[in-house]
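Let me give you the structure first, and then I'll get to my questions.
The values are calculated or read from the model by the stated rules, or taken from the named source; none is laboratory data. Keep in mind the model is a prediction, meaning the values are calculated, not measured. To get the accessible areas, we keep the full protein, side chains included, count just its heavy atoms, and leave off ligands, DNA and RNA. Shrake-Rupley method; radii C 1.70, N 1.55, O 1.52, S 1.80 Å.
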Amino acid sequence: MTYCFAADRTLGKLAKWLRILGFDTIFESNVSNKGFYDHLEPERVLLTRTAKIRDRFAAKRLLFIESDDVCEQLRQVIGELAIARQDIRVFSRCLPCNSPIIEVNKQAVYGRVPDYIWQTHDEFSRCRQCERIYWSGSHVARSRAIIDPISTLDAMVS
Ligand SMILES: [Zn+2]
């Protein structure tokens, strides 16, 4: 089962974590309210903490997020949609642009990452859209710097 999401402007952290877990998640940031909600694909689950939005878009696939704590928010999304371990592909998506990243040959990134990174890593991937290069550790370090709900994921999903 694949899931995709649209997060309202109050749920930026949750949107980021859903991307880290590999879910296609668009985030209402620069889009005007009206445009954002009116042009969502029908399969996208709208995530909101705003009662007004919940009531107005009740016909859409919608999950009203209860908590303001991002770990609790993730727990709610995973629990209510019954997301399973195999639905989660951690670090398979570019964080800034939400595009899938693809594995690339080590030779292909020579000169495009710091030398010490190139010398000490063998697996690299690249975002199809912004061409940002990822290697094991690059995503992880940045994410761990904020919080670490991934460590609790094993307990949350079966
Ligand atoms: Zn990208």
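Please list the non-local residues whose amide H lies under 5 Å from the amide H of residue 47, H modeled 1.01 Å from N, same-chain partners needing a gap of 5 or more.
Those lying under 5 Å, H to H, from residue 47 are 6, 7, 8, 63.
Working with all protein chains in place, sort 50, 2 by solvent-accessible area computed with a 1.4 Å probe, largest first. Intermediate results must be reported in sequence, preceding the final value.
On the way: 50 45, 2 125 Å².
Sorted by accessible area, descending: 2, 50.
Same structure again: Take 68, 38, 24, 55 and sort them by solvent-accessible surface of the protein heavy atoms, 1.4 Å probe, largest at the top.
On the way: 68 125, 38 70, 24 40, 55 100 Å².
In descending accessible area the options line up as 68, 55, 38, 24.
Then there's this: Rolling a 1.4 angstrom probe over the protein heavy atoms, how many square angstrom per residue are accessible across region 1-132?
That works out to 57 Å² per residue.
Considering only lysines 8 or more places apart in sequence, or on different chains, count the pairs in region 1-147 whose C-alpha atoms sit under 23 Å apart.
Values: 13/34; 13/52; 13/60; 16/34; 16/60; 34/52; 34/60; 52/60.
Step by step, the pairs that qualify in region 1-147 add up to 8.
Next question. Tell me the accessible surface of residue 92 in square angstrom (1.4 angstrom probe, heavy atoms of protein chains only), to the nearest ten.
40 Å²
Across region 76-87, in residue order, what do the Karplus-derived ³J(HN,Hα) couplings come to in whole Hz, using 6.51 cos²θ - 1.76 cosθ + 1.60 with θ = phi - 60° and x for Gly and Pro?
For region 76-87, the Karplus curve yields 5, 4, 5, x, 6, 8, 6, 6, 9, 3, 6, 7 Hz.
Percent of accessible area on region 1-126 owned by carbon and sulfur, 1.4 Å probe? Show your work: numbers first, answer last.
Numbers: 3340 of 6930 Å².
The value for region 1-126 is 48 percent carbon and sulfur by accessible area.
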